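Note sheet for the following structure.
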Amino acid sequence: MALRTAIITTLPLLYLNFIVGEPEITDSPIHYISYEEGLRSKDVDTAYVIGEAVANEFNRYVPALSDNLRSELSGIRNDINRQFNSLKIYMDDKLERIEREAPLNDARGDTSTPSHSSIVHSHEAMIRHNLAMAELRRLGADLTKAMNEEVGKLRDEFRTSLDLLRERVENSTQGMASRLEGEFTLRSEESVNMLKKVFFLTRSQMGLIQSQLNNISASLQIAGGLGEVVDTDNLQVSTLSSGNETKDTTTTTTVSFVSTTFDETTTNIITSSVPVTTLMPKDIPRDCMAAKLQGSLTSGVTLIRPNENREPQRVWCDQETDGGGWTVMVRRQPQSIQLDFKRSWQSYRNGFGDPDGEYWIGLEALHQLTKNTAYSLRIDIKGDGEEATSLYDYFSVGEEQYGSRGYELEVGGYNEASTAGDAMEYHNGMDFSTYDEDNDGASGGSCANWSGGGGWWYNYCYYSNPTGIYAPEDLPPNSKADHFLEWRKWQGYYAYLSHLVMMIRPQ
């Protein structure tokens, strides 16, 4: 029993020595699959590579553990042999004492005719000797049996412990691989987002430098006696004096604009007269933030020029929400005549609608605004009497390609303080699509046609559909259709919106 207790006590110590100790490591070469090799191999994923590395480390420790076990077994065997030898020596000594105590033969040395007493004592000594040898053999057999049983139990317990240890290592390996892969993915996303922010900020600084150079060039031209400055929208013509007479080059006037709301099926034109404060072309702000810096602190229709080579255009500026400076890119709201967003590629390129109500600012305007300046995005939505907001750190639109592709969406940095959910990430990286130009990720059909006819950065197909049609008032409850105005990351699928505003401003 003491032997078994010693053996059982040794096993946990061996286990602990393997876990926290520093056993001798074998010198056998170990082939590791590096992370780069894993990336180059199509059959090996990240979790497998990490698991292989940990498993190889585990296999390096198994020989050391086996050597420790052999050493313990050898020690046990030596202890048993010592006990057996001690018992044998004890029995031999006892037999010698028995033989010494036996009476001798006749004192005269006549051994040919031993006396009766001598024969009896010799017979008793032989019986005792045989009994002692039998007892010795029995003890030896019992000891051998006990040793075999204990060794067998030790082997079984070792195998069980080794299996448990291997299972724990495998489980830990899988868990570690999953955690490391998740951590690597998270860090990669953070690094990509940081690089994008740095890129946008750098591009913004380049845009500011270019703007300053343009201002300096314009100032030099004016100082040199530039004759006439003409507003290309025929809003105002001002003549600058080249003599000693000086005039105020900023003139404020109220003019009427023709708002062209086109119905592509009937070609009707609706005109509206909107009072707008206009400035000389060189003073027209680039966006609503620039208008705010020039003193425009009230929300309303404002004339901007996203690029000096473009005609000025009217947009809605929100100068109240979250500090103002927001340029509205698309607005949906209930009105007496709902604007039809089923438009061609050309319409979405140039923009349509009335900034006083529903309208789309235009893809080219978005590209010109965001190509050299880092912008953030805000989406405010309403539905069933509730309101929510989604915020993004950066937003940009790429350039047009081949006249029917491009205007790639780049959006990210979703703010976790948002309440409407991230319904834009699914569309990130997609080209713009309309019913007449299919650039979505679906095969065998057009997401624009499936989703109400409006243009959007459809993938396959959408989580957000700001250009969808309004659900009719008599729509039966629990109706499910994919062509209505939706933001599916807020209240789920088929929860239709009543209002939506998307607006951008420089970071």
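The values are calculated or read from the model by the stated rules, or taken from the named source; none is laboratory data. Since this is a predicted model, take the numbers as computed values, not measurements. Neighbour counts are summed over all protein chains in view; Cβ atoms, including those assigned to glycine, are modelled from backbone coordinates with ideal geometry. For accessibility, only protein heavy atoms count, side chains too; no ligands or nucleic acids. Shrake-Rupley method; radii C 1.70, N 1.55, O 1.52, S 1.80 Å.
Of note:
- Solvent-accessible ranking of 367, 129, 123, largest area first, probe 1.4 Å: 123, 129, 367
- Per residue, the stretch 390-495 exposes 44 Å² of accessible surface when a 1.4 Å probe is rolled over the protein heavy atoms with every protein chain present.
- Nearest-0.05 FRET efficiency for residue 460 and residue 382, computed from C-beta distance (R0 35 Å): 0.80
- Given a 1.4 Å probe and the protein chains as shown, residue 183 ends up with an accessible area of around 80 Å².
- Against the criterion of solvent-accessible heavy-atom surface with a 1.4 angstrom probe, 153, 480 sort, most first, into 480, 153.
- Each Lys or Arg adds one and each Asp or Glu subtracts one; over the other residues with Cβ under 13 Å from the Cβ of residue 479, this totals -3.
- Selection among 420, 468, 506 by position relative to the dipole of the stretch 410-507 gives 420 as farthest towards the positive end (Cβ unit charges, Cα centre).
- Were the residues from residue 307 through residue 189 laid out at 0.36 nm apart, the gain over their Cα-Cα distance would be 39.2 nm.
- Residue ranking by accessible heavy-atom surface, 1.4 Å probe, largest first, among 69, 391, 363 comes out as 391, 69, 363.
- Computed over neighbours whose Cβ is under 9 Å from that of residue 457, the net charge equals -3, Lys and Arg +1, Asp and Glu -1.
- Between amide H atoms placed 1.01 Å from N, distances below 5 Å from residue 383 occur with 498, all of them 5 or more places distant or on a separate chain.
- For residue 288, solvent-accessible area (1.4 Å; no DNA, RNA or ligand), Å²: 0 Å²
- Over 31 Å apart at the Cα level, from the set 371/480; 88/153; 292/480; 342/371, are 371/480; 292/480.
- Residue 89 sits with roughly 100 Å² accessible to a 1.4 Å probe, with DNA, RNA and ligands left out of the calculation.
- Net charge in the neighbourhood of residue 321 (other residues with Cβ under 11 Å of its Cβ; Lys, Arg +1, Asp, Glu -1) is -2.
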